[in-house]
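The values are calculated or read from the model by the stated rules, or taken from the named source; none is laboratory data. Quick caveat, the model's predicted, so the values are computed rather than measured. We place every Cβ from the backbone using ideal geometry, glycine too, and count neighbours over all the protein chains shown.
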């Protein structure tokens, strides 16, 4: 994980609030991008029940991400793509929303420590991750709910403000964290998104898992 010229000052860790946080994670070369996201999720994915969404711009990238992440044993992985059956889509969305409920209960100390395995199975305790393309984001206008993920990873940085905003609106919970994967040639795009979206995109802190 290498550094690029920061569009914003270094991040100062706040207390947990409803404010969404936007970060970038610099990758020196495109060929290191997959390795970097696997490394990142190797850290974040160990948090029980953590709901994560990874957004891709294309089906090819979605397939590549799913293939690379499928070996991580502590993540329950699902994908939403254009030709997924409606019933399967509904099941993926429902399971993910249950994960967000479990995560919120955990944050609110409503989940007791030391739950018996019979009460909460191993699969339910895993972090839950959905990989999705832009064309398959939840349709809020059709009655689908926001995924309300705690973490949104933009594996492919959108070039338009509208796409960036739609990903956040349909995927991220209040107080959630956005992590933008950025290679060297995308610095200008990142700065443009920051300015047009009126958000501060700071360099991702090393202790990212501590501010979830």
- Query: Among the strands (runs of 3 or more DSSP E) contained in region 124-212, which hold 2 or more residues that are closer than 25 Å to residue 73 by Cα and in contact (Cβ under 8 Å) with a residue 60 or more places away in the chain?
  - Reply: 127-133, 149-154, 172-183
- Within region 42-98, the count of residues that are assigned to a strand (DSSP E or B) and either within 21 Å of residue 166 (Cα to Cα) or over 15 Å from the mean Cα position of the chain (by Cα) (or both) comes to 9
- Mind checking whether some residue in region 182-191 is under 16 Å from the mean Cα position of the chain (by Cα) and either surrounded by fewer than 17 Cβ atoms within 10 Å (Cβ to Cβ) or closer than 21 Å to residue 38 by Cβ (or both)? yes
- When you scan region 75-105, how many residues do you find that are surrounded by fewer than 16 Cβ atoms within 10 Å (Cβ to Cβ) and more than 23 Å from residue 135 (Cβ to Cβ)? 3
- Considering (1) modelled with pLDDT of 90 or more; (2) touching a strand residue (DSSP E or B) at 6+ places or on another chain (Cβ under 8 Å), say which one residue 191 fails and leave the rest. (2)
- Task: All but one of (1) surrounded by 14 or more Cβ atoms within 10 Å (Cβ to Cβ); (2) more than 23 Å from residue 108 (Cα to Cα) hold for residue 206, so report the exception by its number.
- Result: (1)
- Only one residue in 179, 201, 208 is within 18 Å of residue 61 (Cα to Cα) and touching a helix residue (DSSP H, G or I) at 6+ places or on another chain (Cβ under 9 Å). Which one? 179
